[in-house]
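The next block holds one structure in the form of structure tokens; read it before the comments.
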Amino acid sequence: MSYWLVKSEPDAWSWQQQVEAGAKGTAWTGVRNHTAKQNLKTMKKGDHVFFYHSGVGKEIVGVAEVTREHFPDPTDKSKMFVAVDLKAVAPMPQPVTLAAIKGERALAEMALVKQSRLSVQPVTAAEWKLVCGMGGLKGV
DNA sequence: GCCAACGTTGGC
DNA sequence: GCCAACGTTGGC
């Protein structure tokens, strides 16, 4: 299993909406960056994904799971980009803020810190474990 | 509201 | 193929 992080402005699509979308999941569309696209294409069914709120919040608020591997993004006329389906799995008992991540030396290499504009990023197993610990989340 | 980072576009 | 201009993202 691989780990990832996706970003969304909660005004556009929030964790709450992801939760309300239910267990079938919804398409994660709108990615228009080739590095992010490549990450979407690498995602496998069952991979776990941190859900990060950019702009308002600036914190990891929950964990989602890939329920369908990449397919053409229906919102992309050019047919160049792809989407995956995600479903909400568990909220962070205590959201992990960007400030907290920046304050943790072991997380200094996270893409969230180093490539702040990338909207779909890989997360290492070590980073995943540490962030889950900071958020009080166990067993995902 | 500003600005840094960075991707994209288009002239040459 | 280079690079300046420009647009967007996202933190502060």
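Of all the options A:116, A:54, A:78, the one that moves most in a Gaussian network model of chain A with Cα springs shorter than 10 angstrom is A:78.
Largest mean-square fluctuation among A:102, A:77, A:41, in a Gaussian network model of chain A whose springs join Cα atoms under 10 Å apart, belongs to A:77. The eigenvalues of the Cα gyration tensor, multiplied by 5 and square-rooted, give region A:21-81 an equivalent ellipsoid with semi-axes of 20, 15, 12 Å from largest to smallest. The label point for residue A:100 and the one for residue A:113, both projected 7 Å from the Cα toward the Cβ, are 1.5 nm apart. Computed on chain A, with alpha-carbon pairs under 8 angstrom and 6+ residues apart, the relative contact order is 30 percent. Helix A:125-135 and the longest principal axis of the Cα set of chain A meet at an angle near 60°. The slack in the chain from residue A:23 to residue A:68, taken as 0.36 nm per residue of separation less the alpha-carbon distance, amounts to 15.0 nm. Taking chain A as a Gaussian network of alpha-carbon nodes connected by springs under 10 Å, the highest mean-square fluctuation of the residues A:115, A:18, A:94 belongs to A:115. Shape analysis of region A:1-51 places it in the oblate category; the axes a ≥ b ≥ c from the Cα gyration tensor give an a/c of at least 1.5, with a/b not above b/c.
Spherically averaged projected area of the convex hull of Cα atoms, chain A: 7.6 nm².
Read the figures in this text as sums done on the coordinates, not as results from a lab. Quick caveat, the model's predicted, so the values are computed rather than measured. Glycine also receives a Cβ, built like all others from the backbone with ideal geometry; neighbour counts cover every protein chain displayed.
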